[in-house]
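Since the structure comes first, as structure tokens, the remarks are kept for the end.
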Amino acid sequence: MELFREDGCLTGEGLQALIDGQLDELGRLEAAEHLSYCDACMDRYTALLGGGALLQPPRDLSRPLGRAIWVHLMTNVYGRVAVASVAALLALTIWRSGSLGLILGRGACALETYVPEEIAPPAAAEVPKSDYKTPPRPGEAPAAVQKAHEAVSGFLSSLAARTGGAANG
Amino acid sequence: MVRTYQGLVYTVCYQLVQDQDTAQDLAQETFLAAWRAAGRCPPGCEKQWLARIAANKAKDHLRSGWARKMSTPGDEVLALAGAPPDQGPEAQALASLGEEALRQKILALREPYRTPCRLCLLEGYAPAEAARLCRRPEKTFNAQLWRAKKMLRAEIEQEREQERRTGDGTV
């Protein structure tokens with residue numbers, strides 16, 4: 001029996017042998033390869049199948065297929081949504097706890113170490129006056145702490161002056 | 001769609017693989033692939049489209065089984081004596097033949113193997129171009145060419161073996 005015609009398409013008896021289950025493994029592979037790209041032979045084959053009784057799968061396909069589609073959806077769509085939700089929650093937690101400001105503040109302080117010291121600051125007369133108030137830098141101490149620092153420094157210097165005077169006297 | 005066409009899809013799979021469980025699995029894979037590519041189904045051609053996907057699934061299954069069966073370890077040891085080195089055993093077997101003998105063997109092959117071999121081994125076309133010329137997918141064309149070379153090699157080896165036995169018998 002010839003499975004293929006000279007033009008490369010499946011013969012009528014080849015298709016019938018496939019339907020009757022008379023082809024060996026190589027013959028079935030060759031037929032499958034041909035049917036996977038030849039429209040004309042696929043039309044002939046489905047027409048032959050339509051005329052006879054179709055086989056039914058041992059188990060209904062709708063239920064396992066529904067499960068497979070559900071798993072596919074879970075792993076792809078819902079999985080991505082879950083990952084995005086966790087990421088958003090984490091970002092919100094970091095923001096609300098103030099850790100974000102701490103991280104950014106440390107980053108700004110670290111940048112300061114790279115400023116070269118050789119560059120002289122411009123003379124005060126050259127700097128145009130503006131109303132702009134420099135915001136406190138992340139590493140800078142607040143005003144209350146500065147005042148306390150000045151008071152302690154003044155007290156210490158006066159104490160040193162007294163001690164020096166007593167020693168001299 | 002599943003209830004309407006599950007009989008058709010299962011029948012195509014079963015007729016191609018001849019195994020109930022495998023056909024059931026392939027039919028399920030077919031519908032899953034169809035669900036993923038639902039937008040690509042030509043309107044009114046659902047039957048042919050599903051049967052095409054089923055044939056493709058069965059083809060992949062059969063091809064992997066065939067490749068496992070045919071790829072025997074130590075093939076390189078079986079290369080024919082006197083053939084050019086640095087080639088695969090099939091190429092060595094073919095190169096050991098004369099041009100006319102090779103032509104006769106290729107033209108005696110059956111379809112779907114004769115055309116790929118004629119175009120690539122006799123007329124010197126590159127596989128991609130030859131696949132386009134005979135309107136076959138390149139992957140399918142290459143698989144057919146690979147199997148054809150295996151067939152030719154087996155035939156040549158069988159002839160050599162017969163010649164050797166005949167020679168031994170006369171001596």
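Observations on the model:
- The ranking of A:S36, A:S97, B:S96 from fewest to most other beta carbons within 10 Å of each one's beta carbon is A:S97, B:S96, A:S36.
- Helix B:138-170 vs. chain B, principal-axis angle (Cα, 0 to 90°, nearest 10): 30
- In sequence order, calculated HN-Hα J values of region A:68-77 (Karplus, 6.51, -1.76, 1.60; Hz; x Gly/Pro): 4, 5, 4, 4, 4, 5, 4, 6, 9, 6
- Toward the positive end of the charge dipole of chain B, with +1 on the Cβ of Lys and Arg and -1 on the Cβ of Asp and Glu, the farthest Cα among B:W35, B:A108, B:G124 is that of B:W35.
- Other residues with beta-carbon under 11 Å from the beta-carbon of A:L10 carry, at +1 per Lys or Arg and -1 per Asp or Glu, a net charge of -4.
- Fewest-first ranking of B:T115, B:T166, B:T30, using other Cβ atoms within 10 Å as the exposure measure: B:T166, B:T115, B:T30
- Here the Karplus relation 6.51 cos²θ - 1.76 cosθ + 1.60, evaluated at θ = phi - 60°, turns the backbone of region A:155-162 into coupling constants of 4, 5, 5, 5, 4, 5, 5, 5 Hz, with x for every Gly and Pro.
- Exposure proxy for A:I94, B:I156: other Cβ atoms within 10 Å of each Cβ, ordered fewest to most, give A:I94, B:I156.
- Space enclosed by the convex hull of the alpha-carbon atoms of chain B, per residue, Å³: 167
- Backbone amide hydrogens, once placed in the peptide plane, bring A:F4 within less than 5 Å of A:T11, excluding anything fewer than 5 places away on its chain.
- Once divided by 2.2 N^0.38 Å, the Cα radius of gyration of region B:113-155 becomes 1.04.
- When each of B:K57/B:K139; B:K59/B:K149; B:K59/B:K105; B:K105/B:K149 is checked by Cα-Cα distance, pairs over 18 Å: B:K59/B:K149; B:K59/B:K105
- Taken one residue at a time, the phi angles of region A:3-18 give Karplus couplings (6.51, -1.76, 1.60, θ = phi - 60°) of 7, 10, 7, 5, 7, x, 8, 6, 7, x, 6, x, 5, 5, 5, 5 Hz. Gly and Pro are set to x.
Any read-out appearing in this document is the output of simple, stated calculations on the displayed coordinates, not a laboratory observation. Because the structure is a prediction, the values reported are computed rather than measured. So basically every Cβ, Gly included, is an ideal-geometry build from the backbone, and we count neighbours across all protein chains shown.
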